[in-house]
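Below you'll find the structure, written out as structure tokens, and then a few comments.
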Amino acid sequence: MIVSSFPIISVDLVGSLLMIVFSLLCFERMVRLTSLDKENILWTYLLFVCAALSIFAVSRSAGHIVKQLLFLIEVPGVWEHIRPFSGSVNTLTFILVASVTVFFERVWVINRAILKDRRALRQAHEELSWLNRNLEARVDERTQALAVSEKKYRRMFELSEDMILVTSGEGQILALNPAGVAQLEDGSRLGPGASLGALFVHGDAFDSILETLSREGRIRNSEVTLRGVGGRPFRALVSGVTLTDVDSREGTLLFMVRDVDETLTLREKMATTEKLAAVGELSAGVAHEVNNPLGIILGYTQLLKRSAEDESTLKEDLTVIEKHVIGCKKVVESLLNFARSGPSEKSPCHLHRIIEEVLAFTRHQAEMDGIQVVTELADTLPEIYADAEKIKQVLINLIINAVHAIDGKGEIHVTTGLEEPGTVFITVADTGSGMDADIRSRVFDPFFTTKPTGTGTGLGLSVSYGIIKNHGGEIDVISTPGKGTAFTIHLPTAG
Amino acid sequence: MIRIVSLFVFFFFLAALPAHATQGHGGIEGILVHQAAHLLFALAMGFLAFRIKRDELRVQKGWRNVQYAAFLFILWNVDVIFVHFVDEQVALVTVERLSTGQLHLISSIPGLASVYYIAKLDHLLCVPAIVFLWVGLCQLVNQTLARRDQGRAS
């Protein structure tokens, strides 16, 4: 195969020249790169490679150029002397590149680890420097945020309408908010160390709460009775949670206590009102149906009695019938009063005058039993628009009940006053035996009585309730067993 | 046991044999070493390309061009190993320079002369390789300068 030597010779010559030029340029670039970043071991590696390549390029390319020139001037024998040296240098440069590469293999790995660590160190250094520069500002910022937070929660603690208490695990009070101070018995004296359990009317309720907290860690809306201002018991909902201090690992208890006495009383009153309204409706129906036959029976009895012979057995029997029918009619009339269906004659009248008339004949009876009647009447009281006789009946009922409730000596206090514009109140309070919650809830029920059989019909308070309702008023009762009972009548003023 | 070994070593040094202490290096030994060096150079370039890939340096334009240079150097080494093998190691191709300035390529294997002729143009591989290397290094220098300037600015 005969071919032109020109492509080979030209490519060889030009390529050799280019190799020398570019290898030297590469070496120059690497020298520059190494001087820019002396710490980077990669550049050192590439510098060695480029140096070897430059030596190789100069050796090989110069050899090739010389070879071509020697062939051109037809002295190829000289090349045979130069050739081994050129080839040896080429071989050495290849081995040099390979050796450097093998050597730098581990250096490369270590270099990467060092660079990674250096980056991490630099980052840590920058973070530390930043923290150092900003530490004071950050402390100020956090302190301010803490103060704002503390103020916020302090205000919540102090302005809360509900009681907030913090106690030890055993129930010793550690902190109590102003609402608690205001609502609890001797609140101002409930300093740290006072027992929360002592404020519970029923101590076992507090033990039960502590047990639930230790078992479950929290308790929700447990209804309890607490001692309020002046020893007055009130019902409250207690919620609590166990807190554990991170540092001391000591357990504390956080309680939220809400006074629900008023709410529950109102709810009970509404239930009572609804019940009495239903009973009143029933009573009115029964009374209406019974009243007419009783009238007929009474009329015929009186007719028969008139025609019967005097002192005859028949007349005596008819008298007994008449007496019991009249008794029945009274009961029916009472029922009608309770049901507010009876007639009443209302007119403006003075409450104090009514009270004086009532006391005029009840005071004597009370004092005979060793009971002192104390009146605490308001200086001036507006007139009420009422049926004076009916109001008298109510007051007599209440005073007689008060006398019956006091065993031995005691006091009955009759108090009046202006409650709010347009409403006056009369309170009849005794120092008698009082009532428990069960009796208190049924006290206005018709035919409910605690008196011995035959001494009371159980209609007195029912009728009083009906009368007051008929006057657009309210009657309520507060009673503490062993301490006494107070009935309060609220009536609208005239005009 | 020690005595037996000592006696063996003693007789080994006393044995009357011709002295051949220094080995000669004639024949094709030189070309074998040169071929091995080419192979090592190719392996080194392969390692460089692999490192650039494994360390994810290819994302930088400069390193990408250095990797291209490494690939081209590998091809160049394969090419020259082939040429050395064919005309010096096994002498399958003989080249005669004619007075006309032409070359007479003689080979007993059909087509080998043509392949040899093309393979002889090895500068077509090594020159692009060194150009890629130079371009890559220029880019690396520029990147380093830019980083340094950025570091000063910040």
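Once region A:233-274 is narrowed to residues that are open to solvent by 80 Å² or more (accessible area, probe 1.4 Å) and in contact (Cβ under 8 Å) with a residue 40 or more places away in the chain, the residue that is nearest to A:Leu190 (Cα to Cα) is A:Met256. Among the residues of region A:25-42, those identified as more than 8 Å from every other protein chain (Cβ to nearest Cβ), modelled with pLDDT of 85 or more and in contact with a helix residue (DSSP H, G or I) (Cβ under 6 Å, 6 or more places away or on another chain) are A:Phe27, A:Thr34. Exactly one residue out of A:Thr457, A:Thr423, A:Thr416, A:Thr450 is in contact with a helix residue (DSSP H, G or I) (Cβ under 9 Å, 6 or more places away or on another chain), hydroxyl-bearing (Ser, Thr, Tyr) and within 20 Å of A:His352 (Cα to Cα), and it is A:Thr416. So for region B:103-110 (the condition being open to solvent by less than 40 Å² (accessible area, probe 1.4 Å) and not in a strand (DSSP E or B)), does at least one residue qualify? No, region B:103-110 contains no residue that is open to solvent by less than 40 Å² (accessible area, probe 1.4 Å) and not in a strand (DSSP E or B).
Of the strands (runs of 3 or more DSSP E) lying entirely inside region A:388-495, those containing at least 3 residues that are under 36 Å from the mean Cα position of the chain (by Cα) and either buried (at least 19 other Cβ atoms within 10 Å of the Cβ) or of a type outside the set (A, V, I, L, M) (or both) are A:474-480, A:484-492. Pairs linking a residue in region B:109-131 that is acidic (Asp, Glu) to a residue that is assigned to a helix (DSSP H, G or I), with Cβ atoms under 7 Å and 6 or more positions apart or on different chains, are B:Asp122/B:Trp76; B:Asp122/B:Asp79; B:Asp122/B:Val80; B:Asp122/B:Val83. Scanning region A:349-387 for residues that are among the polar types (S, T, N, Q) and either over 49 Å from the mean Cα position of the chain (by Cα) or open to solvent by 80 Å² or more (accessible area, probe 1.4 Å) (or both) yields A:Thr362, A:Gln365, A:Gln372, A:Thr380. Quick check: is even one residue across region A:209-223 outside any helix (DSSP H, G or I) and touching a helix residue (DSSP H, G or I) at 6+ places or on another chain (Cβ under 7 Å)? The answer is yes, given that some residue of region A:209-223 is outside any helix (DSSP H, G or I) and touching a helix residue (DSSP H, G or I) at 6+ places or on another chain (Cβ under 7 Å).
Could you tell me whether any residue of region A:144-165 is within 30 Å of A:Leu176 (Cα to Cα), of a type in the set (Val, Ile, Thr) and in contact (Cβ under 8 Å) with a residue 60 or more places away in the chain? Yes, region A:144-165 contains at least one residue that is within 30 Å of A:Leu176 (Cα to Cα), of a type in the set (Val, Ile, Thr) and in contact (Cβ under 8 Å) with a residue 60 or more places away in the chain. Criterion applied to A:Arg112, A:Arg133 was being within 14 Å of another protein chain (Cβ to nearest Cβ) and either under 30 Å from A:Leu196 (Cα atoms) or surrounded by fewer than 16 Cβ atoms within 10 Å (Cβ to Cβ) (or both), and the one residue passing it is A:Arg112. Take the conditions (1) polar (S, T, N, Q); (2) in contact with a His (Cβ under 7 Å, 6 or more places away or on another chain); (3) more than 9 Å from chain A (Cβ to nearest Cβ); B:Asn77 misses just one of them, which is (3). Looking across region A:77-87, the residues that are open to solvent by 60 Å² or more (accessible area, probe 1.4 Å) and not acidic (Asp, Glu) come down to A:Val78, A:His81, A:Ile82, A:Arg83, A:Pro84, A:Phe85.
Can you tell me which residue among B:Leu121, B:Leu112 is within 25 Å of the chain's Cα centre (by Cα) and more than 8 Å from chain A (Cβ to nearest Cβ)? Steps first, please.
Working: B:Leu121 fails: more than 8 Å from chain A (Cβ to nearest Cβ).
Testing whether each residue is within 25 Å of the chain's Cα centre (by Cα) and more than 8 Å from chain A (Cβ to nearest Cβ) leaves just B:Leu112.
When restricted to residues that are surrounded by fewer than 16 Cβ atoms within 10 Å (Cβ to Cβ) and in contact with a helix residue (DSSP H, G or I) (Cβ under 8 Å, 6 or more places away or on another chain), region A:4-24 contains 1. The residues of region A:44-57 that are open to solvent by 30 Å² or more (accessible area, probe 1.4 Å) and under 17 Å from B:Trp76 (Cβ atoms) amount to a single one, A:Ile55.
The values are calculated or read from the model by the stated rules, or taken from the named source; none is laboratory data. Small disclaimer: the values here were computed from a predicted structure and weren't measured. All Cβ positions, even for glycine, are placed from backbone atoms using ideal geometry, and neighbour counts span all protein chains on display. Accessible surface is based on the protein model in full, side chains and every heavy atom, while ligands, DNA and RNA are left aside. Shrake-Rupley method; radii C 1.70, N 1.55, O 1.52, S 1.80 Å.
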